[in-house]
Amino acid sequence: MKKSSTHNSQVAIVGGGMVGAASACGLADLGLDVTLIEHNRPDFDWPQDEIDLRVSAINKASQHLLGNLGAWQLIDDRDAVAYREMRVWDSLSSEIHFDSADIGEPDLGHILQNRVIQRALWQAMEKRPGITVLSPCSVTDLQPSPEKITLQLDDDASLESELLVAADGARSRMRDELGIGFSEFDFQQTAVVTTVRLAQGHAETAWQRFLPEGPLAFLPISTDQCSIVWSTTADIAEKLVEMDDAAFCVALNEAVEGRLGEITETSQRARYPLRSIHAESYISSHAALVGDAAHQIHPLAGQGVNLGFRDAGALIDTVASQLERGRPISNEQGLRAYERTRRGDNLLMQKSMEGFNHLFSNDNSLLKLFRNGGQAATQRLPLIKEGFMQHALGTSGEIPSLCKKAM
Ligand SMILES: Cc1cc2nc3c(=O)[nH]c(=O)nc-3n(C[C@H](O)[C@H](O)[C@H](O)COP(=O)(O)OP(=O)(O)OC[C@H]3O[C@@H](n4cnc5c(N)ncnc54)[C@H](O)[C@@H]3O)c2cc1C
C-alpha cells in the first residue's frame, strides 16, 4: 500500500497466527474481500527434521476445519502425528486411560508444530485471490464510526473496513484499542517446553502426569520424539531450564516414574509463565475478538487453539447468515449471536482447566480423596469416559459448520 493512502476491505483481520489465518480463509470463501495484517512475517523455511518448541494437540473438530479450508491437505503426513491413546495419572498413581478404539475413532487427535499449521494456512490464503496479506505491518490506531472501522497502519496508510477481526493473541492491542477489558488469573506456574527422544518410543500415546506443582505432558511429535510441556513453579522451572541436558533427562525420567523408558536426548528448553485471561466482551462496534485475543487458558488439556478455531468457525457461520439475510456483515445482532455461541463454551473449558489444575496439582489430603473417587468413577463408567472423549475431540456441543466432517 502507498504511504498516506486509504484503502477499503470488507474485512480486516489483525494477526496472522493460526486463528487469524483460518478466519481469513473462511471469510474469503464467503466471497468477501479480506485484508490480513501481521507484524512478524513468518519464516516458513526450516530443516525437515528440526522440531520447534511450540506445538499443539489438534482435535477432530479442528482437523475438520483445517480440511474444509484446504489446509490439512497441505500438511505432510510426517508432520501430523496421531495419538491413539491417552494416559493420565497423578502423584498417587491412580490412572485414567482413554483409547480411541472405545469410541470407534482411529485416533484421539494429532500433534503438530504450530508453524506447520500456520504455514499450511498461509499457503491456503495464497490460493484465495480475495485475500490481501500485509506483512510485516502493524496497526497503530483504530477509529470506529457508525458505518465502518478505520485502521491506521504503521506505513502511514489506512484501511477502512466493515468488520475488524482481532486475532492478535493474548496480549491483543486491538482489544485494548477497542476499550475491551479482561479478567486475568495467574496460575503461579511456568511451563517448561522442550523436545525429547525416547529409546522405546511413545506407543502412539499422549502421557500426562499431575505432580503437586503442576501437570507434565509428553506429546508424540515424531516416531520416537515427544514434545514436553512441564508446568511447575517458577523456581523449579528456572532450574530445569538451566541444568545440563543429562541432568534434565534424569529429572524428567524421575518425574514420569520411568514409565516411558530411557530419555536419550533433549533439545533446548524455553519457559512460558502461565495465566488465563478472558475478555469482558468478544465484540464491539464493527469488531469481533477470536482466539487468544478473546481467551487464554491453561495448556494442560491442549485446547487453546482448538477453542480459537471454533471461534473462527462460529464467526464465519454468523457472517454467512448475515449475508444470506442481506444484512451488513457487522450487524450488531449477528455479532451478539457470535458472542453468545462462543463465550459459554470457552468459559466452561477455561474454568474446567483451572479446576483440574487446582484439584490435581495439589497435595491437600481432602482434595486427594475427592479426586481419587472421581478418577476411579471416570475410569470405571464408560459413559462418563465417552463424554470426556467427545468433549476433547470437539465433537460435542454447538459445532460450527467448518468444524464438521465434510460430506
Ligand atoms: C506451552 C503451551 C502449550 C500449548 N499447547 C497447546 C495444545 O496442545 N493445543 C492447543 O489447542 N493449544 C495449545 N496452546 C495454546 C495455543 O498455542 C494458543 O491458543 C494459540 O497459539 C493461539 O493462536 P492465535 O492465533 O489466537 O494467537 P497467536 O498465536 O498469539 O497469534 C497472534 C498473531 O498476531 C500477531 N500480532 C500481534 N499483535 C499484532 C499487531 N498489533 N499487528 C499485527 N499483528 C499482530 C502476532 O505476531 C501473531 O502472529 C499452548 C500454549 C502454550 C503456551
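Quick notes
- From the options 95, 38, residue that is over 28 Å from residue 286 (Cα atoms) and open to solvent by 20 Å² or more (accessible area, probe 1.4 Å): 95
- One residue alone among 142, 151 is under 22 Å from residue 316 (Cα atoms), part of a strand (DSSP E or B) and hydrophobic (A, V, I, L, M, F, W, C), and that residue is 151.
- Hits in the range 175-199 (condition: within 12 Å of the ligand (Cβ to nearest atom) and within 19 Å of the chain's Cα centre (by Cα)): 175, 187, 189, 190, 191, 192, 193, 194
- When the test is whether a residue is open to solvent by less than 20 Å² (accessible area, probe 1.4 Å), in contact with a helix residue (DSSP H, G or I) (Cβ under 6 Å, 6 or more places away or on another chain), touching a residue at least 24 places away in the same chain (Cβ under 8 Å) and hydrophobic (A, V, I, L, M, F, W, C), residue 108 passes it.
- Flag if residue 10 is without any contact (Cβ under 8 Å) to a residue 40 or more places away in the chain and either open to solvent by 20 Å² or more (accessible area, probe 1.4 Å) or more than 15 Å from the ligand (Cβ to nearest atom) (or both): no
- Residues being assigned to a loop (DSSP other than H, G, I, E, B) and not small (Gly, Ala, Ser) - total across the range 293-313: 3
- Of all the residues in the range 82-99, those that are more than 24 Å from residue 214 (Cβ to Cβ) and in contact (Cβ under 8 Å) with a residue 60 or more places away in the chain number 2.
- Note on the range 211-292: enclosed strands (runs of 3 or more DSSP E) holding 2 or more residues that are open to solvent by 10 Å² or more (accessible area, probe 1.4 Å) and of a type outside the set (A, V, I, L, M, F, W, C) are 263-266, 270-279.
- Every condition in (1) on the phi > 0 side of the Ramachandran plot; (2) among the charged types (D, E, K, R); (3) free of Cβ contacts under 8 Å to residues at least 40 places away in the same chain holds for residue 204 except the one numbered (3).
- Pairing residues of the range 210-239 that are of a type in the set (Asp, Glu) with residues that are in a strand (DSSP E or B) and more than 15 Å from the ligand (Cβ to nearest atom), at Cβ distances under 6 Å and at least 6 apart in sequence or on separate chains, gives 224/197; 224/198.
- Residues satisfying the stated conditions in the range 327-346, i.e. open to solvent by less than 70 Å² (accessible area, probe 1.4 Å) and either over 22 Å from the mean Cα position of the chain (by Cα) or among the hydrophobic types (A, V, I, L, M, F, W, C) (or both): 329, 330, 331, 334, 335, 337
- Sole exception among (1) more than 15 Å from the ligand (Cβ to nearest atom); (2) open to solvent by 20 Å² or more (accessible area, probe 1.4 Å); (3) among the acidic types (Asp, Glu); (4) farther than 30 Å from residue 320 by Cβ for residue 52, by number: (1)
- Check on residue 189, in a helix (DSSP H, G or I), of a type outside the set (Lys, Arg) and under 28 Å from residue 282 (Cα atoms): no
- For the range 146-174, a residue qualifies if it is open to solvent by less than 20 Å² (accessible area, probe 1.4 Å) and farther than 26 Å from residue 278 by Cα, and the qualifying residues are 153, 157, 158, 159.
- Residues of the range 1-44 satisfying the condition of being modelled with pLDDT of 95 or more, touching a His at 6+ places or on another chain (Cβ under 9 Å) and more than 16 Å from residue 289 (Cβ to Cβ): 35
The values are calculated or read from the model by the stated rules, or taken from the named source; none is laboratory data. Nothing here was measured: the structure is a model prediction, and the numbers come from that model. We place every Cβ from the backbone using ideal geometry, glycine too, and count neighbours over all the protein chains shown. Keep in mind that these areas ignore ligands, DNA and RNA; they rest on the heavy atoms of the full protein, side chains included. Shrake-Rupley method; radii C 1.70, N 1.55, O 1.52, S 1.80 Å.
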